[in-house]
1. Which value, in Å² rounded to 10, gives the accessible area of Cys313 with a 1.4 Å probe and all protein chains present?
2. Return the sequence-ordered ³J(HN,Hα) values of segment 136-150 in whole Hz as given by the Karplus equation 6.51 cos²θ - 1.76 cosθ + 1.60 applied to θ = phi - 60°, using x for Gly and Pro.
3. Using a 1.4 angstrom probe on the protein heavy atoms only, line up Val357, Val168 by accessible area, largest first.
4. How large is ³J(HN,Hα) for each residue in segment 112-121, as worked out from phi by the Karplus curve 6.51 cos²θ - 1.76 cosθ + 1.60 (θ = phi - 60°), to whole Hz, x for Gly and Pro?
5. Add -39500 (n - 2.57) for each DSSP H run of 4 or more in the chain, then divide by its residues: what number comes out at 222 nm, to the nearest 500 deg cm²/dmol?
6. Determine the order of Val325, Val118 by accessible area, beginning with the largest, at a probe radius of 1.4 Å.
7. Roughly how many Å is it from the Cα centre of segment 2-43 to that of segment 215-279, as a whole number?
8. Under 5 Å between amide hydrogens, which residues at least 5 positions from Gly202 or on another chain qualify, with H placed 1.01 Å from N in the peptide plane?
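The values are calculated or read from the model by the stated rules, or taken from the named source; none is laboratory data. Predicted model only: the values in this text are computed from it and were never measured. Please note: Cβ atoms are built from the backbone with ideal geometry, for glycine as well, and neighbour counts cover all protein chains shown. Accessible surface areas use protein heavy atoms only, side chains included; no ligands, DNA or RNA. Shrake-Rupley method; radii C 1.70, N 1.55, O 1.52, S 1.80 Å.
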Amino acid sequence: MPPPLSASGRFDLHPAPPVSDETRAAKMKNPGFGRFFTENMVVIPYKDGAGWGRGILKPYSPIPIDPAGSVLHYGQAIFEGFKAYYQPDGSIKTFRPEANANRFNASADRLAMPNLPVELFIEAAELLIAQDRAWVPTSVGESLYMRPFMIATEAALGVKPSNEYLFVLIASPAGAYFPQGVKPVTVWISEDYVRAAPGGTGFAKCAGNYAASLVAQHQAKNEGCDQVVWIDAIHRKYIEEMGGMNIFFVYVENGKTIIVTPTLTGTLLPGITRLSLLEVAKELGFGAEERKISIDDWETDLREGRMTEAFACGTAAVITPIGTVKSTRGTWVIKDGNQGPVSAKLRETLLNIQHGVVPDTHGWMHKIV
Ligand SMILES: *Cc1c(COP(=O)(O)O)cnc(C)c1O
């Protein structure tokens, strides 16, 4: 008997038998982040000439890679991250998944990897979430984190783009990022290490960017900080990002509250949370601007009271307030180290949209089941 096919005919469906409710419940009680995975995964192979082959939904399991597989040597590896949220009506939706699919292809272009058609990316997510929907937590702040990635699998040591790739999608239940309530972080401005330079891979979500960031993160920890803040590679003074998140500053100018985020220069990762907050802020009556902000601006605008808050944003934590900034020039405290009202309001608004607590007026939510 031929294996069951997805409605589109592009995926074979060979799901694993579900684990027991007890086993799942034990893992979902305190899922943390990225520690447990659902029963299944989706894999789509690619070969030069043939293009993307038939995908498969199959049990979560190790991926065989030849020791000469090019991802292991030359690092052609990209990934994405988005979430599936339980809705009050019992349905499950994801947030702007086409934006992730498009950014995945922008990353693929930069690493000389093939593009995956957006509809295949979305269908893979629909199949996996529908199959493993029991893993989508029901509380606001919790979600099923989706991790699509693509790796180069050709067994050859010549330095060139691989002629074979694997797209893989796995899913992991994610607990509330701040289970004890939102806690501002302390950041270290790194003047020793650079995340991204013009012409490099800063705008791409590639594995190597993260590998290169770990030593700076380690240094931040040694300075008593939670996260590293990156500055630009050329002038060594413009703020770019915080760890793996985009960064915002809250200003009060002529009585108006404005949220300001560094301009996308090609070295910053164009975050979907960043883009969404720029829109949400305007609807809440705030100004929203993209500008260059230097370390000096950060220090003086804070001291002179024009800057009232700073926060980072990304899919994993939504919004993380910044309470203390440390650098070789000293330590500055923002809002006495507490969460500010603007970041709190933005956080609540975006979470409410994602969890269906307020209507989705932007067409951002994508219904899965
Ligand atoms: C993924 C990522 C972000 C945040 O992007 P979102 O789409 O908002 O999750 C920001 N900076 C870096 C370096 C990233 O890798």
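1. The value for Cys313 is about 0 Å².
2. 7, x, 9, 7, 4, x, 9, 6, 9, 7, 9, 10, x, 8, 9
3. Val357, Val168
4. Per-residue couplings from phi come out as 6, 10, x, 6, 9, x, 4, 5, 6, 4 Hz.
5. -7500 deg cm²/dmol
6. These residues rank, largest area first, as Val118, Val325.
7. That distance is 35 Å.
8. Amide H neighbours of Gly202: Ala197.
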